[in-house]
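Reading through the structure tokens given below for one structure.
The values are calculated or read from the model by the stated rules, or taken from the named source; none is laboratory data. None of these values were measured; they are calculated from a predicted model. Cβ coordinates were reconstructed from backbone atoms using ideal geometry, including for glycine residues, and neighbour counts include every protein chain displayed.
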Amino acid sequence: MPRSKRPSGLLRNLNAKIAAIPMILIASVIFVGCTVWTVVHSFTKSRLLPKMDFVGLDQYERLWSTRRWLISIENLAIYGLCMLVLSLVIGFVLAALLDQKIRFENTFRSIILFPFALSFVVTGLVWQWILNPDFGIQFIVRNLGWESFTFDPLFNPEIVIFGVLIAGVWQGSGLIMVLMLAGLRGIDGEIWKASRIDGIPKWKTYLYVVIPMMRPVFITALVLIASGIVKVYDLIVAQTKGGPGIASEVPAKYVMDAMFSKQNLGQGFAASTMMLVSVLIILIPYAYLEFGGRRRDK
Amino acid sequence: MTSKSLIPNGPRPRRVITGRNIMLYGTLILVCLYYVLPLYVMVVTSLKGMPEIRMGNIFSPPVEVTFEPWVKAWSTACTGLNCDGLSRGFWNSIQILLPSVAVSIIVASVSGYFLANWKFRGAEVFFTILIFGAFIPYQVMIYPIVILLREAGLMGKLSGLVVVHTIFGMPILTLLFRNYFTSVPEELFKAARVDGAGFWGIYFRIMLPMSLPIFVVAMILQITGIWNDFLFGVIFTKPDIYPMTVQLNNIVNSVQGVKEYNVNMAATLLTGLVPLTIYFISGKLFVRGIASGAVKG
Amino acid sequence: MTTVAVKDLTLEFGAVRVLDQLNIDIPQGEFLVLLGASGCGKSTLLNCIAGLLDITEGEVHIGGRNVTWEEPSDRGIGMVFQSYALYPQMTVEGNLSFGLRNARMPKAEITERVQRAAEILQIGPLLKRKPAALSGGQRQRVAIGRALVRDVDVFLFDEPLSNLDAKLRADLRVELKLLHQRLKNTMIYVTHDQVEAMTLADRIAIMRGGVVQQIASPDEIYNRPSNKYVAGFIGSPSINFFEGRIEGTDSPRFASGGATFDLTGYQTAGAPLRPGEGWLGIRPEMVVTGPEAASQPFTTTCHVDLVEPMGADTLVWSHVAGAPFRFRMSGQARVTAGDDITIGFSPAEGSLFDKQTENRL
């Protein structure tokens with residue numbers, strides 16, 4: 001049987017294959033290649049230049065005995081935990097309020113979301129100004145007659161991270177609100193009809209019916225907030241420069257300083273690898289829930 | 001008449017002022033104050049003269065409105081290196097923005113189209129890597145990228161920054177386009193193949209004209225994202241082509257001289273103006289962009 | 001002459017075998033309907049013929065050419081889809097001419113072909129409109145037009161009428177049949193609607209699990225289904241089955257639930273009837289009621305459980321020989337649940353299936 005020319009596997013849909021090259025390159029060279037490169041070099045004693053001079057876990061030992069790194073981790077933990085809780089709670093409550101068929105919903109939503117359009121640098125600088133003890137909130141409250149009122153987070157190492165937190169929540173909670181609102185809108189309206197017929201109070205419906213139904217949205221929000229937390233850098237640089245002293249340092253800033261101003265590449269690589277590990281700790285359970293769960297459903 | 005109104009008849013009487021409504025709107029207005037106040041403070045501070053700032057509180061409206069701080073922020077504020085204001089950063093940012101937005105959207109839309117309609121076996125692996133890549137902290141990849149760009153001779157150049165923005169825009173944009181193109185009925189794609197259109201034919205003549213809204217969404221995402229970028233600007237450019245955010249930070253946080261808060265706030269506002277404009281013009285599309293990008297992420 | 005031939009066609013998705021060693025020959029000008037429940041592989045087969053799916057094994061021939069590895073556009077086919085698949089941003093004219101423009105046909109000829117197709121389908125006044133401004137019926141007409149302008153021998157229809165409402169569906173069905181009579185193209189038509197299949201087809205291929213169960217004329221499929229599945233699938237309300245034994249060789253009888261059905265005169269599919277386990281299928285339409293019932297080879301009195309009046313006729317649910325039994329009466333018949341009525345039919349006109357193989361005896 002004379003068969004017509006079988007198009008060779010490689011040449012078939014050649015254009016499609018050419019078009020996929022940038023994606024393949026970015027995925028393999030950058031996201032896999034560069035990550036592996038950094039992890040491998042975190043075991044070397046690179047300083048000014050990357051060297052393949054392996055020293056085992058030395059860099060990590062040094063890292064975990066550096067006070068600045070420990071403060072960074074502590075800050076990240078406090079900031080992260082508060083940010084997670086506040087964003088989720090504020091985001092959900094605001095979304096539920098906006099979902100009450102209120103008037104001016106678009107206006108309210110626009111106002112709550114607009115900070116998300118601004119950069120962290122702008123956010124940091126605005127709140128640096130508002131929290132300025134000589135002119136900002138502290139000054140105003142004292143002028144109102146409460147002379148001993150003290151609220152100067154940016155100058156108090158104990159609470160500086162909460163000053164950053166206020167700005168972070170201001171910038172990011174609108175996004176979570178929008179996600180939650182989309183989630184609420186995605187819930188079948190008949191659920192509400194059913195709960196009205198059954199006479200279940202609204203708050204109970206939210207707590208026992210709606211929130212469990214919105215599990216995927218919560219997980220998405222959680223992952224988004226969490227990955228944002230690990231990356232926090234610009235906000236700190238603009239608002240506090242890590243100060244006072246090193247009181248508001250964060251891991252991302254530690255890495256950048258080690259790599260680009262202290263010529264201590266090995267420390268930078270080790271610290272960034274630790275960041276990667278912390279992301280994986282968040283991401284792997286998420287991926288399992290998301291994709292493992294889906295397979296179970298099928 | 002009075003007796004009739006007691007019999008339930010016609011629409012149920014509604015009162016506008018109820019306890020519930022007062023609570024609801026009261027809470028929302030308070031919340032909105034928290035979100036609006038910083039913007040308000042920025043505006044009033046930027047319109048005051050320095051003497052007035054030193055005396056009054058930051059919330060009081062300016063007694064004497066002056067645009068001096070805005071002029072200074074734009075054209076003469078000092079960054080420590082030079083004193084020609086934010087205007088330089090603005091133009092740098094524009095020059096970074098245009099090619100970065102264009103290139104990243106072109107590459108990502110073609111990739112998304114490929115994944116939706118033409119993927120070969122195993123192509124999903126790369127997509128999965130991209131999506132996971134969106135969560136890897138930039139700090140992990142940044143140094144090797146510096147080396148790669150240096151080898152390619154693009155380090156410190158505008159084109160290098162364009163490449164970086166394209167790379168890190170890939171995950172979210174590819175996801176956005178892939179999901180959109182997947183939602184286009186498969187039969188349309190089949191019909192076009194029966195009509196003899198190939199990879200590029202279907203992309204340009206069927207998919208592209210159908211998907212203008214998603215391109216607008218992607219543009220909004222990228223314009224705000226790239227304009228607001230600070231990290232890549234610091235790492236991958238040199239002072240004379242620093243983007244606006246980096247310049248802003250250098251002006252405000254420069255340690256030399258007296259702090260001019262009004263100029264700082266004017267500069268901050270100027271930097272935020274582009275994304276804010278985009279945000280308030282695009283409205284629903286902006287929301288759709290971040291929601292569609294995020295919900296499926 | 002054969003226009004479309006499918007030879008030993010097999011399609012696998014991973015480990016799943018979707019189509020299994022299919023062989024179909026379609027002569028020039030035939031209207032072949034692929035009929036089956038959803039998931040039986042009928043649309044998949046159509047996509048394989050169109051070249052929209054790469055097959056695992058076998059060959060596809062169209063117009064005497066082996067087109068197994070050809071691109072869809074080079075196979076000499078036109079295709080109409082369920083969702084119409086009109087390009088939303090192009091006008092009707094643009095939709096019709098897109099394929100021709102891709103083939104770099106001279107402008108004058110494109111215009112001529114579009115005009116001719118528009119005339120045949122009476123969509124001339126719509127040419128400048130966008131699909132969004134058309135009704136469902138008009139959209140489907142344009143979709144058919146898109147296949148028409150290609151001037152090909154073979155038309156493929158993938159459930160083209162499923163998205164339309166019942167009345168429009170009936171209208172377009174007639175139009176399609178007229179179109180076929182006029183153009184005399186080969187048409188392959190996928191549907192799950194047996195009315196469409198029966199009314200349109202020259203031949204029907206009934207598919208199940210990627211295998212063709214029977215391929216024959218509508219009349220043959222209805223009256224002489226080749227196996228129990230086909231018998232049950234075709235006909236609405238569906239055929240009544242009795243489970244029982246075939247007894248006797250010279251004067252065969254079928255015994256089920258205490259009743260005995262005389263099979264004298266039954267036309268066997270091959271070998272003469274032999275005693276054994278089997279199924280007897282009686283179509284609801286074969287049942288006679290009223291005075292003529294008594295003259296039928298099989299007569300019984302049954303209790304009416306439920307009545308479904310449908311206008312033109314009335315459907316009666318009952319039991320015969322212990323098995324559920326439905327039959328059709330005239331719409332004028334006055335029966336109510338609880339009545340006892342006498343019915344009769346000729347078992348020899350029914351269909352017998354082997355208990356094990358479920359094939360026609």
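Considering only the range B:109-123, I want to know if a residue exists there that is of a type in the set (Gly, Ala, Ser), under 26 Å from the mean Cα position of the chain (by Cα) and within 8 Å of chain A (Cβ to nearest Cβ).
Yes, that holds for at least one residue.
Can you tell me which residue among C:THR289, C:THR268 is of a type in the set (Val, Ile, Thr) and under 22 Å from C:LYS355 (Cβ atoms)?
Result of the check over C:THR289, C:THR268: C:THR268.
The rows are residues; the columns are (1) within 11 Å of chain A (Cβ to nearest Cβ); (2) in contact with a helix residue (DSSP H, G or I) (Cβ under 6 Å, 6 or more places away or on another chain); (3) surrounded by fewer than 18 Cβ atoms within 10 Å (Cβ to Cβ).
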{"site": "B:TYR203", "(1), (2), (3)": "yes, yes, no"}
{"site": "B:ILE206", "(1), (2), (3)": "no, yes, no"}
{"site": "B:ALA218", "(1), (2), (3)": "no, yes, no"}
{"site": "B:GLN222", "(1), (2), (3)": "no, yes, no"}
{"site": "B:GLN247", "(1), (2), (3)": "yes, yes, no"}
{"site": "B:ASN253", "(1), (2), (3)": "yes, no, no"}
{"site": "B:ASN264", "(1), (2), (3)": "yes, yes, no"}
{"site": "B:THR271", "(1), (2), (3)": "yes, yes, no"}
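If you go through the range A:36-58 one residue at a time, how many are in a helix (DSSP H, G or I), within 14 Å of chain B (Cβ to nearest Cβ) and farther than 20 Å from B:TYR138 by Cα?
Qualifying residue count, the range A:36-58: 0.
What are the pairs with Cβ atoms under 6 angstrom where one residue, in the range B:102-119, is of a type in the set (Val, Ile, Thr) and the other, located anywhere, is crowded, with 22+ Cβ neighbours inside 10 Å? Sequence gap at least six, or different chains.
Filtered contacts from the range B:102-119: B:VAL103/B:VAL162; B:VAL103/B:THR166; B:ILE105/B:ALA218; B:VAL107/B:THR166.
Please verify whether the range C:122-139 includes one or more residues that are more than 14 Å from C:LEU96 (Cβ to Cβ), aliphatic (A, V, I, L, M) and over 27 Å from the mean Cα position of the chain (by Cα).
Yes, there is a match, as at least one residue in the range C:122-139 is more than 14 Å from C:LEU96 (Cβ to Cβ), aliphatic (A, V, I, L, M) and over 27 Å from the mean Cα position of the chain (by Cα).
State all residues of the range B:26-43 that are more than 9 Å from chain A (Cβ to nearest Cβ) and either surrounded by 13 or more Cβ atoms within 10 Å (Cβ to Cβ) or outside any helix (DSSP H, G or I) (or both); if no residue qualifies, say none.
Scanning the range B:26-43 gives B:TYR40, B:VAL43.
Quick one: in the range B:44-81, of everything that is among the polar types (S, T, N, Q) and in a loop (DSSP other than H, G, I, E, B), which residue is nearest to the chain's Cα centre (by Cα)?
B:THR79
Among B:THR174, B:THR182, which is the only one that is more than 14 Å from chain C (Cβ to nearest Cβ), crowded, with 23+ Cβ neighbours inside 10 Å, among the hydroxyl-bearing types (Ser, Thr, Tyr) and over 20 Å from A:ALA238 (Cα atoms)?
On the way: B:THR182 fails: crowded, with 23+ Cβ neighbours inside 10 Å.
So the residue among B:THR174, B:THR182 that is more than 14 Å from chain C (Cβ to nearest Cβ), crowded, with 23+ Cβ neighbours inside 10 Å, among the hydroxyl-bearing types (Ser, Thr, Tyr) and over 20 Å from A:ALA238 (Cα atoms) is B:THR174.
Of the residues that make up the range B:82-100, is at least one part of a loop (DSSP other than H, G, I, E, B), within 30 Å of A:ARG103 (Cβ to Cβ) and away from chain A (no Cβ under 11 Å)?
no
Please go through the range B:246-297 and give me each residue that is of a type in the set (Lys, Arg), modelled with pLDDT of 75 or more and within 30 Å of B:LEU176 (Cβ to Cβ), ordered by number.
B:LYS284
How many residues are in contact with a strand residue (DSSP E or B) (Cβ under 7 Å, 6 or more places away or on another chain), under 18 Å from B:ALA191 (Cβ atoms) and either polar (S, T, N, Q) or outside any helix (DSSP H, G or I) (or both) if we restrict to the range C:27-61?
3
For the range A:226-246, what are the residues that are closer than 11 Å to A:VAL164 by Cα and of a type in the set (S, T, N, Q)?
Those that are closer than 11 Å to A:VAL164 by Cα and of a type in the set (S, T, N, Q): A:GLN239, A:THR240.
Report, ordered by the first and then the second residue, all pairs with beta carbons closer than 8 Å, sequence separation of six or more or different chains, a first member in the range C:61-81 that is free of Cβ contacts under 8 Å to residues at least 60 places away in the same chain and within 11 Å of chain B (Cβ to nearest Cβ), and a second member that is surrounded by fewer than 18 Cβ atoms within 10 Å (Cβ to Cβ) and assigned to a loop (DSSP other than H, G, I, E, B).
What qualifies is C:SER73/C:ALA103.
Kindly provide the set of residues from the range B:15-39 that are hydrophobic (A, V, I, L, M, F, W, C) and under 22 Å from B:PHE280 (Cα atoms), ordered by number.
Within the range B:15-39, B:LEU28, B:ILE29, B:LEU30, B:VAL31, B:CYS32, B:LEU33, B:VAL36, B:LEU37, B:LEU39 qualify.
Could you run through the range A:268-277 and say how many residues are free of Cβ contacts under 8 Å to residues at least 60 places away in the same chain and facing chain B (nearest Cβ under 9 Å)?
Within the range A:268-277, residues that are free of Cβ contacts under 8 Å to residues at least 60 places away in the same chain and facing chain B (nearest Cβ under 9 Å) number 2.
Considering each residue of the range B:221-271, count those that are more than 19 Å from A:TYR233 (Cβ to Cβ) and touching a Phe, Trp or Tyr at 6+ places or on another chain (Cβ under 6 Å), and give that number.
Going through the range B:221-271 one residue at a time, the tally reaches 1.
Can you name every residue in the range C:98-154 that is part of a loop (DSSP other than H, G, I, E, B) and under 22 Å from C:LEU176 (Cβ atoms)?
Hits for the range C:98-154 are C:GLN122, C:ILE123, C:LEU127, C:LEU134, C:SER135, C:VAL149, C:ARG150, C:ASP151, C:VAL152, C:ASP153.
Take B:PRO213 and decide whether it is surrounded by fewer than 23 Cβ atoms within 10 Å (Cβ to Cβ), within 14 Å of chain C (Cβ to nearest Cβ) and in contact (Cβ under 8 Å) with a residue 24 or more places away in the chain.
Numbers: surrounded by fewer than 23 Cβ atoms within 10 Å (Cβ to Cβ): yes; within 14 Å of chain C (Cβ to nearest Cβ): yes; in contact (Cβ under 8 Å) with a residue 24 or more places away in the chain: yes.
It is true that B:PRO213 is surrounded by fewer than 23 Cβ atoms within 10 Å (Cβ to Cβ), within 14 Å of chain C (Cβ to nearest Cβ) and in contact (Cβ under 8 Å) with a residue 24 or more places away in the chain.
I'd like to check something: does the range A:198-212 contain any residue that is closer than 25 Å to B:MET244 by Cα, more than 9 Å from chain B (Cβ to nearest Cβ) and in a helix (DSSP H, G or I)?
No - not one qualifying residue is present in the range A:198-212.
From the set of residues in the range A:88-120 that are more than 9 Å from chain B (Cβ to nearest Cβ) and modelled with pLDDT under 90, which is nearest to B:ASP229 (Cα to Cα)?
A:GLU105
Taking B:SER87, is it small (Gly, Ala, Ser) and touching a residue at least 40 places away in the same chain (Cβ under 8 Å)?
On the way: small (Gly, Ala, Ser): yes; touching a residue at least 40 places away in the same chain (Cβ under 8 Å): no.
Considered against the rule, which asks whether it is small (Gly, Ala, Ser) and touching a residue at least 40 places away in the same chain (Cβ under 8 Å), B:SER87 comes out as no.
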